[in-house]
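The values are calculated or read from the model by the stated rules, or taken from the named source; none is laboratory data. Remember, predicted model here, so these are calculated numbers, not experimental data. Cβ coordinates were reconstructed from backbone atoms using ideal geometry, including for glycine residues, and neighbour counts include every protein chain displayed.
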Amino acid sequence: MPYVIDGHNLLFAVRGCSDQYLGLNAEFLVQFLHEYMRRSRDRAELFFDGTGPFDKSFFNRFHNLNVHFSGEYQEADDLIEYLVEDHSAPSGLVVVSSDRRVKRAAKRKRAKTIDALEFWEQVVSVIDRPEKPNPEPGAKRTGGLSKGETDEWMDIFGIK
């Protein structure tokens, strides 16, 4: 389910939850969220207030996470509201914010909402969980039919 994330709201909530995250900045947050989206096989639209850095190339390299900056004359909250309002299926969105205004706007369109800190706990639990290793390419498959069972089925179907 696609996420719509209030970036500064999430940063503020995360920095306040633990001294471990006091130095968390937008770039690290984006990397955390990208990894979460990759592991959960999801995608997100992440909105920050302001114009962002001059060179935004770092933010454009994540296929499952689109990063937006509101610009000088709008707030990220406004862009989130516009996106939810104009979305063809807002009930399929999950809006991540602790901001009452954003949550009210999402609920008006029947989008799901989750508090920033609760979402961050989800992110950390998924990232902290070890990934399942991918099987070696060309690894020999175990199990299957024995030689006797194969011969029996070949006889049944008349295959010699």
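What are the pairs, 6+ residues apart or on separate chains, where a residue within segment 66-84 that is under 26 Å from GLN31 (Cβ atoms) has its Cβ under 6 Å from a residue that is part of a loop (DSSP other than H, G, I, E, B) and of a type in the set (Asp, Glu)?
That search, which allows pairs on different chains as well, returns SER70/ASP49; GLU75/ASP49; ALA76/ASP49.
Of the residues PHE62, PHE28, PHE58, only one is in contact with a His (Cβ under 9 Å, 6 or more places away or on another chain) and either without any contact (Cβ under 8 Å) to a residue 40 or more places away in the chain or β-branched (Val, Ile, Thr) (or both); which? Steps first, please.
On the way: PHE28 fails: in contact with a His (Cβ under 9 Å, 6 or more places away or on another chain); PHE58 fails: in contact with a His (Cβ under 9 Å, 6 or more places away or on another chain).
Step by step, each of PHE62, PHE28, PHE58 is checked, and only PHE62 is in contact with a His (Cβ under 9 Å, 6 or more places away or on another chain) and either without any contact (Cβ under 8 Å) to a residue 40 or more places away in the chain or β-branched (Val, Ile, Thr) (or both).
Any chance segment 33-48 includes a residue that's touching a Lys or Arg at 6+ places or on another chain (Cβ under 8 Å), under 19 Å from ASP128 (Cα atoms), without any contact (Cβ under 8 Å) to a residue 12 or more places away in the chain and crowded, with 17+ Cβ neighbours inside 10 Å?
The answer is no, given that none of the residues of segment 33-48 is touching a Lys or Arg at 6+ places or on another chain (Cβ under 8 Å), under 19 Å from ASP128 (Cα atoms), without any contact (Cβ under 8 Å) to a residue 12 or more places away in the chain and crowded, with 17+ Cβ neighbours inside 10 Å.
Taking segment 87-103 on its own, how many of its residues are under 21 Å from VAL14 (Cβ atoms) and of a type in the set (S, T, N, Q)?
Number of matching residues: 2.
Please identify the pairs in which a residue from segment 89-104 that is in contact (Cβ under 8 Å) with a residue 60 or more places away in the chain and under 11 Å from VAL4 (Cα atoms) has its Cβ atom under 9 Å from the Cβ atom of a residue that is assigned to a loop (DSSP other than H, G, I, E, B) and among the small types (Gly, Ala, Ser), counting only partners at least 6 apart or on another chain.
Correct list of pairs: GLY92/ALA111; LEU93/ALA111; VAL94/ALA111; VAL95/ALA111.
Kindly provide the set of residues from segment 67-125 that are among the β-branched types (Val, Ile, Thr) and either assigned to a helix (DSSP H, G or I) or on the phi > 0 side of the Ramachandran plot (or both), ordered by number.
Matches in segment 67-125: ILE80, VAL84, VAL102, VAL123, VAL124.
From (1) part of a loop (DSSP other than H, G, I, E, B); (2) surrounded by 21 or more Cβ atoms within 10 Å (Cβ to Cβ); (3) of a type outside the set (Phe, Trp, Tyr), pick out the condition that doesn't hold for GLY23.
Against the list (1) part of a loop (DSSP other than H, G, I, E, B); (2) surrounded by 21 or more Cβ atoms within 10 Å (Cβ to Cβ); (3) of a type outside the set (Phe, Trp, Tyr), GLY23 comes up short only on (2).
Can you find a residue that is at pLDDT 90 or above and either outside any helix (DSSP H, G or I) or aliphatic (A, V, I, L, M) (or both) anywhere in segment 31-40?
yes
Is at least one residue of segment 92-110 in contact with a Pro (Cβ under 6 Å, 6 or more places away or on another chain) and either among the hydroxyl-bearing types (Ser, Thr, Tyr) or surrounded by 16 or more Cβ atoms within 10 Å (Cβ to Cβ) (or both)?
yes
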